[in-house]
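Please read the structure below before turning to the comments.
The values are calculated or read from the model by the stated rules, or taken from the named source; none is laboratory data. The structure displayed is predicted, hence computed values, not measured ones. Using ideal geometry, Cβ is built from the backbone for each residue, glycine included, and neighbour counts are taken over all protein chains shown. Heavy atoms of the whole protein, side chains included, go into the accessibility calculation; ligands, DNA and RNA do not. Shrake-Rupley method; radii C 1.70, N 1.55, O 1.52, S 1.80 Å.
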Amino acid sequence: MTLFAAALTGTRSRISASLSAAASYSACVSLSPSTNSISGSPPCSTAARNFHDWRSPLSHRAAVRSSTVVADRFERRFATAASRNSYEGILTPLAKPGGGEFGKYYSLPALDDPRIDRLPFSVRILLESAIRNCDEFQVTGKDVEKIIDWENSAPKQVEIPFKPARVLLQDFTGVPAVVDLACMRDAMNKLGSDSNKINPLVPVDLVIDHSVQVDVARSENAVQQNMILEFQRNKERFAFLKWGSNAFHNMLVIPPGSGIVHQVNLEYLARVVFNNGGILYPDSVVGTDSHTTMIDGLGVAGWGVGGIEAEAAMLGQPMSMVLPGVVGFKLSGKLRSGVTATDLVLTVTQMLRKHGVVGKFVEFYGDGMRELPLADRATIANMSPEYGATMGFFPVDHVALQYLKLTGRSDETVAMIESYLRANKMFVDHSQVEVERVYSSYLELNLEEVEPCISGPKRPHDRVPLKEMKEDWQSCLDSKVGFKGFAIPHESQKKVVDFTFKGEPAQIKHGDVVIAAITSCTNTSNPSVMLGAALVAKKACDLGLEVKPWIKTSLAPGSGVVTKYLEKSGLQRYLNQLGFHIVGYGCTTCIGNSGDIDEAVASAVTQNDIVAAAVLSGNRNFEGRVHPHTRANYLASPPLVVAYALAGTVDIDFDKESIGTSKDGKKVYFRDIWPTSEEIANVVQSSVLPDMFKSTYETITTENPMWNQLQVPPTSLYTWDASSTYIHDPPYFKNITMSPPGPHPVKDAYCLLSFGDSITTDHISPAGSIHKDSPAAKYLVERGVERKDFNSYGSRRGNDEVMARGTFANIRLVNKLLKGEVGPKTIHIPSGEKLSVFDAAMQYRADGHDTVILAGAEYGSGSSRDWAAKGPMLLGVKAVIAKSFERIHRSNLVGMGIIPLCFKSGEDSETLGLTGHERFTIHLPISAADIKPGQDVPITTDNGKSFTCTVRFDTEVELAYYNHGGILPFVIRNLISANQ
């Protein structure tokens, strides 16, 4: 039985037409041994010639007819037929300007279909991939036709397969991915198959960037000291990843201390166009970090997926996706002087959130693109998850080519990229009039209208114009607790708390800044804002301004290139003077690795209920993410981070109030330290040079002596250490057999948790510190781990025992079952006892009860985090019933065998009168063959309530995953079946 036939046992009738069509076509096609042309008997030749003529009556749509008998014959012939590409007739040589050829490519113009000229550039990348991978098995001609007919087919939410060119990992999500691969090898071995079949079939790049913490700040030696601590905490994890880089083929691991994954991807890893064995095709990538979208700024189609989806893509499985709508976002004009890329992206984020782009591509175009720097584009693309889109795509143009040259790509490589993209109608030439492309909907922004702003205090899309910040802060203090409120009594809003900091008197009040961090790939990849921050520091130092010593300041560049241009500009010393010393090369504060703040400051905040603030140049500011003691967290450009650090508070009107006093006693205002765009451009021009990129990346895998000293065994199967608290053999395949388990009935399930809106993956599976009283802490202490060595949840994602206990362990979790109490606990319904979520889940499991989760809108928003699905699965959760889901998280739930269900429009647990004390029965068909994507499912409770939900299995393939108990068992069974 073939790979996919095994996958869709029980649902074969729904795909028989596709298989039959493929069989019909394959039966009449053969490849000439001497050419790339298609040949065959005369009747078939006619059909084959018309196969690619989309206007012909004998089009592909007419060709997809055959019988089940022929489909069976196709399955038997798969070993040979599936290796053939139905479109080899359009393989076209790409000539070099000076003679010879770069290679061959699948030519979209050769299809001679006018619909292609109207397609968005982002959809053309999907089309090329489908054509190149069209084997009439995993990808069929029918899939190709759906994409070509995007204008009509996208509104119908049709399903297509997509095979990305490569996969990108970071270490927090990469460790569990490699753990799963190692575990899958064991499972293959157990089932009597070849474990070496578990190997990446596409390039996999893993950058270790999520482990470094800001333990040491405001020190010349901070980088070295933090890296020593990073290796002490994570030596076992790092050795495991180094083992993986040797044990698995096609896997590159970038060592710690090299940079942030998305900046390294932009500056070094991205190919833009692949040349693989003489076949040219566009670079595309899926990554286990939601901000993989940053690469869209370079014209590389990329987005975040769950770790389990990424593992399947590594192993050659096509990703099943709904053909997306594409929002056309027209840019005009030019940013005014003093306005930054961060101001632009926060404005774009707010606009797109309002427009509604979840599950869609956003494609930028217009005259404003002509001079929009690549780094600014990457900043906008980076925050696609924050505005909800799958991608924020910028097609390749002359600006992208200039960036490739700046970052050290060779002239020949750039020439190949330009030649290919021009030849295949994927290049934007602003000097030529182009055929108007069609978009699903349209937005427009005049860049001249963008104004300085920040976002917060709890969500990245809550933009606040800088001139309104003081008023907005006052409103947040007054308003009830929520995304824009802290409910501080009016009489307490002006209170000042005295404390002692290192023997000196100090004071703190609501809105005072305790963390100021220049961090995150969103901004550290952008020389303009980084050098802009350095110019603010210089002007401030020249005037004699200082940052209060109890504010934890830090600078974490996304690559070594940043350090080189800051040093060449002569400006790093001013950042150091204000306390913004480089602390490491990684995500740091943006992902919650901010380290401890001084104990005196922490005590002053917690004992007096002070709403302290963090200001960071990150992309996420959800409550509890940045630091447990900063309830207000604002996203700002790097220059604004420095400005707020100098002011010491977010409760300030920069237009009217001074930020300090100069050394000659004069008041200093924001305008006195803010550089012009011309000043920044001049420094960028003289300080950011191609040789910096070349020298940084030539030795990126070999320059870390601590990494080089790690010793790992040269084995293909991993030797699990039962005593390890970092790497643990997970239970996913303990009882695996070759027979899929089928759907799991959910009857009389208890509600484990009941939530409102915007429960993020940080709430579900926190990445930050492990609280001393948590179940995970108890587990570690029982195994001899001291509190100082707890490390973070993110660093322990290779251990399922820790992560299951860390599921729903966020200290800011708001569970309706607790009636207003905040924290990681729930009510065990049968006993009425208040327990930790883990303990309650284990009690339900011990008593043989399934559980479900009730939730509001945007459930699972935030970082793509597969443990946010793995954890609930290990807790025994069988379904999540929500108003809506974040795209990646919904997919992850399916991948772990959890049923995602959506309330009907206008309904939720409140309107239906659900208290969470009911027992729920989900009336899903007991056979996968009887379940259809998006069908309605009745749900009843033990107290007589009933309502209908939509099951969010969005594709047939997702149904197959569910039938197999998840995506990983699906892959294992089918890898074995394909070779029997």
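Just the number, please: Stokes-Einstein D of region 766-806 in µm²/s, Kirkwood Rh from C-alpha pairs, 25 °C, 0.890 mPa s.
On the way: Rh = 9.8 Å.
Result for D is 251 µm²/s.
Write down the accessible area per residue of region 454-688 in Å², having rolled a 1.4 Å probe over the full set of protein chains. If you can, show how the numbers build up before the last one.
Working: 8180 Å² over 235 residues.
Result: 35 Å² per residue.
Identify all lysines with a Cα-Cα distance to LYS778 below 17 Å; exclude those on the same chain that are fewer than 8 residues away in sequence.
Of all the lysines, those that pass the test against LYS778 - Cα under 17 Å, at least 8 places apart if same chain - are LYS788, LYS825.
Which percentage, to the nearest 5, of the DSSP beta bridges contained in the chain is antiparallel?
Bridges in the chain are about 45 percent antiparallel.
For GLU444, what charge total do you get from the other residues with a beta carbon under 14 Å from its beta carbon, if Lys and Arg give +1 and Asp and Glu give -1? If you can, show how the numbers build up before the last one.
Working: positive: LYS330, LYS354; negative: GLU363, ASP367, GLU448, GLU449.
Summing Lys and Arg as +1 and Asp and Glu as -1 gives -2.
According to the square roots a ≥ b ≥ c of the eigenvalues of the Cα gyration tensor, what is the shape class of region 870-914, taking rounded for a/c under 1.5, prolate for a/b larger than b/c otherwise, and oblate for the remainder?
In terms of gyration-tensor shape, oblate.
Non-local amide H neighbours of GLU101 (under 5 Å, H modeled in plane, Pro and chain starts lacking H): which ones?
When sequence neighbours closer than 5 places are left aside, the close amide H contacts are LYS96.
Find which of GLY306, PRO324, PRO282 sits farthest along the positive direction of the dipole of region 265-383, computed with +1 on the beta-carbon of Lys and Arg, -1 on that of Asp and Glu, about the Cα centre.
PRO324
Run the numbers for ARG118 and SER492: contour at 0.36 nm per residue of separation, minus the present Cα-Cα distance, in nm.
128.6 nm
Please list, or write none, the aspartates and glutamates whose alpha carbon is within less than 14 Å of the alpha carbon of LYS734, excluding same-chain residues fewer than 8 places away.
Here the aspartates and glutamates satisfying the reach criterion relative to LYS734 are ASP180, ASP186, ASP800.
Under the rule of at least 5 residues apart or a separate chain, name every residue whose amide H is placed under 5 Å from the amide H of CYS751.
HN-HN under 5 Å from CYS751: VAL852.
Counting only C-alpha contacts under 8 Å and six or more residues apart, can you give the relative contact order of the chain as a whole percent? Walk me through the numbers on the way to the answer.
Working: 2179 pairs, mean separation 122.9, N = 980.
Relative contact order, the chain: 13 percent.
Under a point-charge model restricted to the Cβ atoms of Lys and Arg (+1) and Asp and Glu (-1), what is the dipole moment magnitude of the chain relative to its Cα centre, in debye to the nearest 20?
Computed charge dipole of the chain: roughly 1100 debye.
Ignoring everything except DSSP H segments at least 4 long, calculate the 222 nm mean residue ellipticity for the chain; use -39,500 (n - 2.57) per segment, divide by total residues, nearest 500.
Working: 38 runs with 343 residues, N = 980.
Roughly -10000 deg cm²/dmol at 222 nm, from the helical runs in the chain.
Quick one: what Rg and Dmax do you get for region 111-202 from the alpha carbons, in Å?
My reading of the Cα-based Rg and Dmax gives 18.0, 53 Å.
Heavy-atom accessible area per residue, region 766-806, 1.4 Å probe: how many Å²? Walk me through the numbers before you get to the answer.
Details: 1690 Å² over 41 residues.
Heavy-atom accessible area per residue stands at 41 Å².
Show me the trypsin sites (Lys or Arg not before Pro) within region 890-945 that DSSP assigns to loop and that have at most 14 other Cβ atoms within 10 Å of their Cβ.
The qualifying sites are LYS904, LYS945.
Taking a cut-off of 27 Å between Cα atoms, list the lysines near LYS932, but don't count ones fewer than 8 places away on the same chain.
Candidates past the 8-residue exclusion: LYS142, LYS146, LYS156, LYS163, LYS360, LYS747, LYS870, LYS878, LYS883, LYS904, LYS945.
For the ranges 124-130, 586-592, 848-854, what's the packing order if you count other beta-carbon atoms within 10 Å of each residue, average per peptide, and put the highest first?
By packing density, highest mean first, the sequence is 586-592, 124-130, 848-854.
In square nanometres and to one decimal, what's the mean projected area of the convex hull around the Cα atoms of the chain?
With the hull built on Cα positions only, its mean projection is 38.9 nm².
Just the number, please: carbon plus sulfur as a percent of the accessible area of region 766-806, 1.4 Å probe, no ligands or DNA/RNA counted.
Taking all protein chains in place, region 766-806 shows 43 percent carbon and sulfur surface.
Which length gain, in nm to one decimal place, applies between ASN608 and GLN474 when the Cα-Cα distance is subtracted from 0.36 nm times their residue separation?
46.4 nm
Pairs LYS480/LYS552; LYS470/LYS834; LYS480/LYS666: which are spaced more than 32 Å apart, C-alpha to C-alpha?
Flagged as over cut-off: LYS470/LYS834; LYS480/LYS666.
Using DSSP to define loop residues, name the GluC sites (Glu not before Pro) in region 181-246 whose beta-carbon has at most 10 other beta-carbon atoms within 10 Å.
Loop-located and lightly packed - GLU220.
Between GLN843 and ASP691, what length in nm is gained on full extension when 0.36 nm per residue of separation is reduced by their alpha carbon distance?
Between GLN843 and ASP691, full extension yields an extra 48.7 nm.
So for region 594-753, averaging the separation of alpha carbon pairs under 8 Å that are six or more residues apart and normalising by length, what relative contact order in percent results?
Relative contact order comes out at 10 percent.
Counting pairs of alpha carbon atoms under 8 Å apart in space and at least six apart in sequence, what relative contact order in percent does region 454-688 give?
Result for region 454-688 is 28 percent.
Quick one: if you stick a label point 7 Å off each Cα along the C-beta vector at THR699 and HIS917, how many nm between them?
6.8
Which whole-Hz couplings ³J(HN,Hα) result when phi for each residue of region 919-926 is put into the Karplus expression 6.51 cos²θ - 1.76 cosθ + 1.60, θ = phi - 60°, listed in order with x for Gly and Pro?
In residue order, the calculated couplings are 10, 10, 10, 9, 8, 8, x, 7 Hz.
Taking the dipole about the Cα centre of region 534-619, with the C-beta of Lys and Arg at +1 and of Asp and Glu at -1, give me whichever of TRP550, TYR585, VAL611 is farthest to the positive side.
The residue sitting most towards the positive pole is TYR585.
Counting only protein heavy atoms and using a 1.4 Å probe, what share of the accessible area of region 526-669 belongs to carbon plus sulfur, as a whole percent? If you can, show how the numbers build up before the last one.
Values: 1770 of 4070 Å².
The computed percentage sits at 43.
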